[in-house]
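In what follows, a structure is listed as structure tokens, so that the remarks can point back to it.
The values are calculated or read from the model by the stated rules, or taken from the named source; none is laboratory data. Keep in mind the model is a prediction, meaning the values are calculated, not measured. Here Cβ is always computed from backbone atoms with ideal geometry, including for glycine, and neighbour counts include all displayed protein chains. We work out accessible area using only protein heavy atoms, side chains counted, and drop any ligands, DNA or RNA first. Shrake-Rupley method; radii C 1.70, N 1.55, O 1.52, S 1.80 Å.
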Amino acid sequence: MKSTFVKISAAAFSLFPVVALAHPGHDSMAFTSGLTHPITGIDHLIMLVAFGLLVGCLTITKKQKLGLLASALITLMVGLLAGSVFGLASGVELAIVASLFVVSLAIWQVFGASQRMVKLAVGFCIGMMFFHGYAHGVEAQGTLGQFSLGMAIGASALMVIGTQLGQALASRWMSVGVAAASSLFLMAA
């Protein structure tokens, strides 16, 4: 367990390439911008880590967990593409805020609801990733390909960290923590 935490921590710290990019000569910061955007956007950070917590709490195989994380990442990327093509759309920010509480409720459901309800909640959370991707697409800077690659790496790392934490701390009370963090985010915004 300790070695897993060390590996995850090392991976998380590697997401901050400030020192490596401190010298001149970089034509575009799109990759770095995409990499850090999920971390610096508190609403996206909460959703990605919370979705990982949700997946970590599920009593399914590792292969199924990877499938859920991949589905969420694909949905996020489809949203990114849609956001870059269509631009601003009303209701996206509201859907993002709602998603924070949906994932919180889904975590709670894992510990008491029927499997059918849990599957529905997980599917709904994956669908809500579209709106997070859409917002990223609207805000994308530089080359979209580089930005999306960076974002995919950053988002994946956050979801994997959340999954590891969810496996280690599996408790319905994590949902209260997610809801509290989401509420604090809303009060600060």
Name the residue that is nearest to the chain's Cα centre (by Cα), counting only residues in region 34-46 that are farther than 15 Å from Glu93 by Cα and surrounded by fewer than 19 Cβ atoms within 10 Å (Cβ to Cβ). Ile39
Go through region 96-120 and give me each residue that's open to solvent by less than 20 Å² (accessible area, probe 1.4 Å) and under 21 Å from Met77 (Cα atoms). Ile96, Ser99, Leu100, Val103
Take region 154-176 and flag every residue that is closer than 23 Å to Glu93 by Cα and open to solvent by 40 Å² or more (accessible area, probe 1.4 Å). Val176
Does any residue of region 52-70 turn out to be in a helix (DSSP H, G or I), among the small types (Gly, Ala, Ser) and open to solvent by 20 Å² or more (accessible area, probe 1.4 Å)? yes
